[in-house]
Every structure is written in C-alpha cells, then in structure tokens.
Amino acid sequence: LVYWIDEMRSAILQVDPTALVSVGFFQPHGPNASRIGDPRISVTEPAIWQSAADFIDLHAYPGFELNLEQYVENYGLNSMQEKPVIMGEFGGEVSRFASVTQAAQRFTRWQIESCAHGFDGWLFWTWDTQEQPDFFNAKMENGLIAQALSPALRHDPCEFGENLPQNMAAGKPVSASRALPDQPASNAVDEIFDTIWNSGAGPVQSVEIDLGGTVRVTSIRLTVSQYPEGTTIHQVWAGLDSNSLVLVHTFNGFTQDLDILDFTPPEPLSSVRVIRIVTTESPSWVAWREIEVVGWDDG
C-alpha cells in the first residue's frame, strides 16, 4: 500500500509538480469491532506514518458503532502531527438523530473532539446535495448544521461558538439503580445510538448523571429503548446535587423503541448539576439509548 501511494504520488507530480496528493480511507475492522460483514480491507497505519502522501483523508461518522477515540485507535492515527490529516467525510444518517438541531450539536462536538486527536480539517457529507435523503445535508432547516460548522460563525473549529448549546451529559459520570454487565449506565451518555443502558429489570429503576458543574438547561431529550411497547411513566428530576433534586417533568403515555421524549422548560433551568431519570411504570426492562441534557455552562 505504501509503495502504491508513493508511486501514484510520483506519477502525479510528474504531470503537476505543484499538486498535493492525498489518499482516503474508511475505518479498519479492528481492534474495535467495526464494519462487521463488510469484506473490504482497509489498512491505514502504514499509509499515515510511512507513505509520502502529502495529507491523509480519514472518514469518521458519529452515531454508528464506534466513538471517535475508537475510530482513531482503528486508524492507528496516534496523534499524528507531522503530516496533515483531514476528516474527509463526517455527517450522519437522519434516522439516528431526533432532529436537525440535535444533529448539529453532535457534529459540532465531534469536530471539536477530533482536534485533540490530530485532525486538521473537515469536510461535511454533504453540504447541499439531495441525492442521499437518508443523510443530513448542512442546508436543512434553514442551514442549522451549516451555521454550527461554518468558520464564518464559529471561528475556531476546536471550540464551541458563543450561544451554541451543547449536550452537557456526553461522557459525564453516570450511575444507575442496576445494569446488565454488557450494557452499563455509561452507554446512555456515549452519544452512540446503537448502545443502550439496560437495567435488566422492570420498574422502579433510575439513572443519574453528574454534569460536572452547574449547567443552564434548555432541554432534556431521552431516546427510548423499549420492548414490548406500552404505557410508561418517566420522571425527570434536576438539582444541584443528589440530595436537592426537584421533579421538573413527567412523561406519561404510550412509548415504543426509538421514540424521542423531549422536555423543553418554558424558561431554562439554572444551576443544575445532577439529572436523574426515574421510571416508575413500563412493560419493559428499563433502558435508554441516549440521555441528552442540552444547555450551557452556568456562568
């Protein structure tokens, strides 16, 4: 592979000595299990570290089976600094996000997180085309994604812009009343749609998130993992610590797997550090795909 890249680059430079030559990849199958059932082989580490390519193009999509740290490990990126690396494709399937707003927040966080791993540039798939309606484009809903990613509005790609809410629960410490060994509470805040926290039991069960500091909460969004479907009751509690929680909302109604439960208070909730979700009624083992707490640092 390194020989092929170097020979191709040499041939291109004979035609245009000013050219920059890149090579692009989707993620290898391991060491973190990925692209299961896809027979195509992708070997990236030698291309990154040994080839003469002027820059490397790696593809990494949030919401699938890997988080960004696992993508980086599979690629063998190892905080490459000597050679530019771009994320030549990132984006998301419409079915994996509750809304364009949620997707814009996730893509922004993904971009920011990638800076620490050595990524130097980004190309969103896609910006304004319509031929893949199952994927977001950046111009949907008056350009919410475009605004979140635009360098004209967010000057530093490695920082959140002003007034841009984010999922404050992502990756934060979480505990639960109980959990199956292979479906821990941390799965509820890993921002991966296909992983779940599963208590392994029926109600009453709870999951609690420490946001790591006080937050001004604009919405709380719960992605349901449930079988069988049926009537459920979920309480949302919020406060400064576990001993001062206040009931701020109750979801009561018919739910099924993949439903989105969204609570947006009339006014943002201030000085919130702990969020607890308590399920008191459900025909299913209590579980969540994702729990998102959208807002800003409070102060």
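The values are calculated or read from the model by the stated rules, or taken from the named source; none is laboratory data. Predicted model, so just to flag it, every value in this text is computed and none were measured. Every residue, glycine among them, receives a Cβ derived from its backbone with ideal geometry; neighbour counts consider all protein chains shown. For the accessible areas, the whole protein counts, side chains as well, though only heavy atoms, and no ligand, DNA or RNA atoms are used. Shrake-Rupley method; radii C 1.70, N 1.55, O 1.52, S 1.80 Å.
Annotations
- Stretch in the chain that is longest and holds no GluC sites (Glu not before Pro) that DSSP places in a loop and that have at most 10 other beta carbons within 10 Å: 163-299
- Heavy-atom SASA rank of Tyr61, Tyr227, Tyr75, Tyr3 (probe 1.4 Å, accessible area, largest first): Tyr227, Tyr3, Tyr61, Tyr75
- The angle between the Cα long axis of helix 2-15 and the longest principal axis of the Cα atoms of the chain comes to about 60 degrees, rounded to the nearest 10.
- Angle in degrees between helix 140-149 and the longest Cα principal axis of the chain, rounded to the nearest 10: 70 degrees
- With every protein chain in place, the chain: carbon and sulfur % of accessible area (1.4 Å): 53 percent
- Between His155 and Asp257, the modelled labels are 4.8 nm apart [label points 7 Å from Cα along Cα→Cβ].
- Accessible area of His117 (1.4 Å probe, protein heavy atoms only, ligands and nucleic acids ignored): about 40 Å².
- Taken as Cα centroids, the stretch 164-210 and the stretch 75-104 sit 23 Å apart, rounded to the nearest whole angstrom.
- The largest accessible area among Leu211, Leu20, Leu180, Leu247 belongs to the first residue in Leu20, Leu247, Leu180, Leu211, and the rest follow in falling order (1.4 Å probe, all chains).
- Sequence of Leu222, Leu245 when ordered by accessible area, the most exposed leading, probe 1.4 angstrom: Leu245, Leu222
- Length gained when the stretch Thr250-Ser79 is fully extended (0.36 nm per residue, less Cα-Cα span): 57.1 nm
- In the full protein context, the stretch 236-284 carries 53 Å² of accessible surface per residue, based on a 1.4 Å probe and ignoring ligands, DNA and RNA.
- Working note: Karplus 6.51/-1.76/1.60 with θ = phi - 60° gives the stretch 68-74 the couplings 5, 4, 5, 4, 4, 5, 5 Hz, where Gly and Pro are set to x.
- Rounded to 10°, Cα long-axis angle of helix 100-115 versus longest principal axis of the chain: 50 degrees
- In the context of the full protein assembly, Ile48 retains an accessible surface of approximately 0 Å², using a probe radius of 1.4 Å and ignoring ligands and nucleic acids.
- Think of it as helices only: each DSSP H run of n ≥ 4 in the chain is worth -39500 (n - 2.57), and spread over all residues that comes to -5500 deg cm²/dmol at 222 nm.
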